[in-house]
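For reference, the structure is listed below as structure tokens.
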Amino acid sequence: MPPELNLTQRRTLALLRTHGALSRAELAAKLGLSRPALTEIARVLAEAGYIEEHDIGGNARGQPKINLRL
């Protein structure tokens, strides 16, 4: 049985449901959270099977953009 979700985790899922795939930075900004806080929330949600990472590529330099999605 999946763990019970707290308010911030439920808000994160609601944003992904409404807006589709978003990056951690976008989610953190929309929720008013720090990126480390959002990273921890994303880890918990991913381990519980609620969300997954989706590599959408990016420019030739730097890391590819990775979105989170339901």
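The values are calculated or read from the model by the stated rules, or taken from the named source; none is laboratory data. Please read these numbers as outputs of a predicted model, since none were measured by experiment. No Cβ is skipped: glycine too gets one built from the backbone with ideal geometry, and neighbour counts run over all protein chains shown. All accessible areas refer to the heavy atoms of the entire protein, side chains included, with ligands and DNA or RNA removed. Shrake-Rupley method; radii C 1.70, N 1.55, O 1.52, S 1.80 Å.
At-a-glance table
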{"quantity": "Pair residue 69, residue 56: separation of 7 Å Cα→Cβ label points (nm)", "calculated": "0.9"}
{"quantity": "Three semi-axes of the equivalent ellipsoid, the chain, Cα gyration tensor, whole Å, largest first", "calculated": "21, 13, 11"}
{"quantity": "In Hz, Karplus ³J(HN,Hα) per residue of region 63-68 (6.51, -1.76, 1.60; θ = phi - 60°; x = Gly, Pro)", "calculated": "7, x, 6, 10, 9, 9"}
{"quantity": "Heavy-atom accessible area per residue - the chain, 1.4 Å, Å²", "calculated": "67"}
{"quantity": "Portion, in percent, of the accessible area of the chain that falls on carbon or sulfur, probe 1.4 Å", "calculated": "52"}
{"quantity": "Simple label model, 7 Å out from Cα along Cβ direction - residue 48 to residue 26, nm", "calculated": "2.2"}
